[in-house]
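*Asks:* Okay, handing you the structure first.
Just so it is clear, none of the values below were taken in a lab; they were calculated from the coordinates. Note that this is a predicted model, so its numbers are computed, not measured. Glycine gets a Cβ as well: all are built from the backbone with ideal geometry, and neighbour counts include every protein chain shown.
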Amino acid sequence: MVNDPAESFDRSALAYEELVALNRAGSRRLIAALPDGEYRRVLDVGCGTGFATMQAVARGGVTEVIGVDPSQPMLDVFAGHLSGHPGVTADLRATDAEHTGAADDWADLALSTMALHWMPERPAAIREMARALRPGGVLGILAPGEAHDRPTVDIIRATGDAQMARLADSIVSNEIPVAWLTAALRDAGLEPVDVWAETRERVVPPDALADRMDAVATHLWADLPDEDQRDVLARVRALFRGAAGPDGMYRYRFVKTFAVAVKPG
Ligand SMILES: C[S@@+](CC[C@H](N)C(=O)[O-])C[C@H]1O[C@@H](n2cnc3c(N)ncnc32)[C@H](O)[C@@H]1O
């Protein structure tokens, strides 16, 4: 498929964990926010390299994992992490969020971290996780939040560059507002326990943000010739460098939406 988000992750699987290390911190906060309880069976949708599941494993009690992600290279990295945990049985499936293959009422915990925004049918993905949860099971979601990274959107749009505008449009369309997610959880038959947003000001070397875009956003230009793809990524990098402050650092605003919900028992 042209412009399939999973393609970016196929390309970047090995570098992914370094480049988006802050996703791991978000997963840690999500897992820390789960209600007390035993989560033995974990379904991780858009699991990537398994940040969220590995946090749940570290919390303790996980015995079975189904990980679902269309990117096989991401699943391969995840399998490597799980290999250090012989007490955990894993079934990692190269498929999309709407076809997890998990049995009805299978999961004690369903997770989706920094992936819902890439799924073409977000409500259907949430309904699929709700279906796979057992009554009393818990859903945890982490996603980009409302008005995420607007300073970057603004400087990209100000250039008038049509190809770079695809990145700005993608940042905006990836937003998952708290109110939308709360309603979608209810529509899927779940009871929201807590849905909230966190805003953080990030100060980073401009190349670090450009490297991050190279890891997660290359699919936006997948329909262009290779040379044009390289050119637009180079323009994005130059733009971030030019927008750095006198200290050489780039400032942006990172907003994340978190949700914890329960399937009624
Ligand atoms: C930013 S990564 C997040 C991975 C991981 N959950 C984490 O927290 O680091 C987004 C993941 O969503 C996956 N993805 C893209 N489209 C998807 C879809 N339709 N269904 C399920 N996963 C999808 C990508 O392949 C990628 O691994």
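*Asks:* Counting only helical runs of four or more DSSP H residues, what would the 222 nm mean residue ellipticity of the chain come to if each run contributes -39,500 (n - 2.57) and the total is spread over all its residues?
*Replies:* -14000 deg cm²/dmol
*Asks:* Further question on the same structure: Using only C-alpha atoms and all pairs of different ones, pull out the Kirkwood radius for the chain in Å with one decimal.
*Replies:* Evaluated over the chain, this radius sits at 18.8 Å.
*Asks:* Which GluC sites (Glu not before Pro) from the range 72-175 combine a DSSP loop assignment with at most 13 other Cβ atoms within 10 Å?
*Replies:* Hits after loop and neighbour filter: GLU121.
*Asks:* May I ask you to sort THR113, THR218, THR199, THR53 by Cβ crowding, counting other Cβ atoms within 10 Å and putting the fewest first?
*Replies:* THR199, THR218, THR113, THR53
*Asks:* Treat the count of other C-beta atoms within 10 Å as a stand-in for reagent exposure and order PHE258, PHE51 from fewest to most.
*Replies:* Taking fewest neighbouring Cβ atoms as first place, the list is PHE258, PHE51.
*Asks:* Expressed as a whole number of Å, what is the distance separating the alpha-carbon centroids of the range 142-173 and the range 49-104?
*Replies:* Cα centroid to Cα centroid, the span is 31 Å.
*Asks:* Between ARG59 and GLN72, 0.36 nm times their residue separation minus their Cα-Cα distance comes to what?
*Replies:* 2.1 nm
*Asks:* Right, something else. Springs between alpha-carbon pairs under 10 angstrom, Gaussian network model over the chain: which of GLY189, GLY137, GLY242 fluctuates most?
*Replies:* Of GLY189, GLY137, GLY242, the most mobile in the Gaussian network model is GLY242.
*Asks:* Can you tell me the length gained on complete extension of the stretch GLU227 to TRP180, counting 0.36 nm per residue apart and subtracting the Cα distance?
*Replies:* The GLU227-TRP180 span can extend by a further 13.1 nm.
*Asks:* Note down the relative contact order for the chain as a percent, whole number, built from C-alpha pairs under 8 angstrom at least six residues apart.
*Replies:* Reported as a whole number, the value is 23 percent.
*Asks:* Further, regarding this structure: In nm, to one decimal, how far is the GLU191 label point from the ASP161 one, both placed 7 Å along Cα→Cβ?
*Replies:* Modelled inter-label distance: 5.1 nm.
*Asks:* Sorting PHE78, PHE254, PHE240 on the 10 Å Cβ count, fewest up front, what's the list?
*Replies:* Lowest count first: PHE254, PHE240, PHE78.
*Asks:* Tell me the net charge near LEU30. Cut-off is 13 Å between Cβ atoms, LEU30 excluded, with +1 for each Lys or Arg and -1 for each Asp or Glu.
*Replies:* Computed value for this residue: +2.
*Asks:* Evaluate the relative contact order of the range 76-211 (contact order divided by residue number), counting alpha-carbon pairs under 8 angstrom at least 6 apart; express in whole percent.
*Replies:* 20
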